[in-house]
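Data first, discussion second: the structure below is written as structure tokens.
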Amino acid sequence: MAEYDIKTDSAYAIRPDEAVDRLKGALLKDIQRSCYVYRVDCGGCNGCEIEIFAAITPIFDAERFGIKVVSSPRHADVLVYTGAVTRSMRVPALRAYHAAPEPKVCVAYGACGCSGGIFHDLYCVWGGADKILPIDLYIPGCPPTPPATIHGFAVALGLLNQKMKASYHLQQDDEHPQLLHPQLPLDLRIQVERAARRMAGYWHGRRIADVFLAMIKNGDPLKLSSTLQEYLAAQGDPRLSEIMHRLEEVYLAWLADH
Amino acid sequence: MLKLIREVLKVGQATLPYPFAPVELAPGFRGKPEYDPQQCIACAVCTIACPPNALTMHTDLEQGVRTWSLFYGRCIFCARCEEVCPTGAIRLGHDFELASFSREDLTVRAEFRLAACNLCGAYFASAKELEHVLALLDQAGLPPEDAADRKALLRACPECRRKTDLPRVKPLIQEAFNGRV
């Protein structure tokens, strides 16, 4: 077995030479379909693997584009690296890379594969496949959904264009952040948001409170009950009804105080 | 054989047409975080909440500049940033097509100016954050005579604020300790 350098910086990642780069360019240009994919798990949680397998089921059916998951790196055109590259899985990952014939395309899959994800600063983690290997495509997601996986492979094979673009914003003089619900008194907003978040959790709570506050703001306060009933009947969710009615109580109590 | 064909025709096509047609997403699907730099006040709450540190912020006190950055490659789409954002500047959308050939294309950066202390001139907080706090004070309905003092105090850095506020606080402390201080 070859000796491998154990530096964790991406500057020490394997670099293919120019001839291989040219071959790879031709591969990416000409292959378009029928690529064989080998999946390398470098210490992931298996979420990404489950999504890859979901992508080759009849519902999403990646095989209709000729994308086939194979069981040996010796057959592979594309290597998909999942997981944050742990100390124990680093050498197997490198062996899989060397076992695959040139030219090959390496894909970093999932938040961990792209950059280490939630494990990026662990002591035993290299933090992403690009720290040890030349990565051609990043597919972010935790895990990427089967459609995201298919989109990623379509981008790699040149069937679709990349949608993401780096962006940079410099603060301008005319930037003035708007307050949330500026027409409503601050203490009412806080009371409603707190109650909603306590009952529904933070994320849903905020969205529910936003809907409720918009109703107060836009509608006639006397007709709030009927607007609320209409909205809840359309949603048909008993949990939402319970929360909204309690928010209405909070609002009425606030009105009584003022 | 005929039975099988009949069965197949009855079941129809299970495969989704994606990527040739848009895929139907479940309600509450958490996709790419959409960032609105106009609304961002650079308060750094999201960078504290972000579990994988996909959101980071760097403050340069010499230059008076704060740089906010988001790396989609590390994002786990948990929506903690959306939960905590006080101005609603970041919200998870429905876009999931994030595949990219380079790390650079997965980054969003924004640069904001810091406010200088009105007493000593040192940079201490984001200018937009300060503006937001002053607007919140107005919304909270502070009496006008109180508001002017409070606002002047907020425009100073924490160090100057402490020094300025000392004469006001001193009698209160002495009272609390029965004149033993």
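Any read-out appearing in this document is the output of simple, stated calculations on the displayed coordinates, not a laboratory observation. Since the model is a prediction, treat every value here as computed from it, not as a measurement. Cβ coordinates were reconstructed from backbone atoms using ideal geometry, including for glycine residues, and neighbour counts include every protein chain displayed.
What number, in percent, do you get for the relative contact order of region A:89-228 if the mean sequence gap of Cα pairs under 8 Å and at least 6 apart is divided by its residue count?
Once divided by the residue count of region A:89-228, the mean separation gives 14 percent.
Inter-chain neighbour count for B:76-84: the average number of beta-carbon atoms from partner chains within 10 Å of each residue's beta-carbon is 4.
Across all directions, the average flat footprint of the convex hull enclosing the Cα atoms of the protein assembly as shown is 32.0 nm².
For region B:25-176, the convex hull drawn through the C-alpha positions has a volume of 155 cubic angstrom per residue. Across region A:107-116, coupling constants 3J(HN,Hα) worked out from phi with the 6.51/-1.76/1.60 Karplus curve, θ = phi - 60°, read 10, 8, 10, x, 4, 5, x, 6, 7, x Hz, and Gly and Pro carry x. Charges were assigned to the Cβ only: +1 to each Lys and Arg, -1 to each Asp and Glu. The resulting dipole of chain A about its Cα centre is roughly 580 debye. In whole percents, the pair-distance distribution calculated for region A:1-151 from its alpha-carbon pairs, binned every 10 Å from zero, is 12, 43, 35, 9, 0.
Of B:50, B:73, B:120, which is farthest along the charge dipole of region B:25-176 in the positive direction, counting Lys and Arg as +1 and Asp and Glu as -1 at C-beta? Projecting each Cα onto the dipole axis, the largest value belongs to B:120. Counting neighbouring beta carbons within 10 Å and listing from fewest to most, the residues A:181, A:258 come out as A:258, A:181.
Helix A:224-235 and the longest principal axis of the C-alpha atoms of chain A enclose an angle of approximately 30°. Counting only Cβ charges, +1 for Lys and Arg and -1 for Asp and Glu, the dipole size of region B:25-176 around its Cα centre is about 320 debye. Here the relative contact order of region B:25-176, from alpha carbon pairs under 8 Å that lie six or more residues apart, stands at 24 percent.
Ordering B:68, A:203 from the fewest to the most neighbouring beta carbons within 10 Å gives A:203, B:68. The ranking of B:112, A:65, B:71 from fewest to most other beta carbons within 10 Å of each one's beta carbon is A:65, B:71, B:112. Compute the acute angle (0 to 90°) between the alpha-carbon long axis of helix A:87-99 and the principal axis of greatest extent of the alpha-carbon atoms of chain A; round to the nearest 10°. On a 0 to 90 degree scale, this one is about 50. Here's how it looks for residue B:126: its modeled amide H is under 5 Å from those of B:115, which are all 5 or more places away or on a different chain.
Between the Cα long axis of helix A:146-156 and the first principal axis of chain A there is an angle of about 50°, rounded to the nearest 10. In chain A, helical runs assigned H by DSSP with n ≥ 4 each contribute -39500 (n - 2.57); averaged across all residues and rounded to the nearest 500, the mean residue ellipticity at 222 nm is -14500 deg cm²/dmol.
Shape analysis of region A:132-258 based on the Cα gyration tensor places the equivalent ellipsoid semi-axes at 42, 21, 14 Å, largest first.
Can you tell me what share of the DSSP beta bridges in chain A is antiparallel? A percent to the nearest 5 is fine.
Expressed as a percentage, antiparallel bridges in chain A total about 5.
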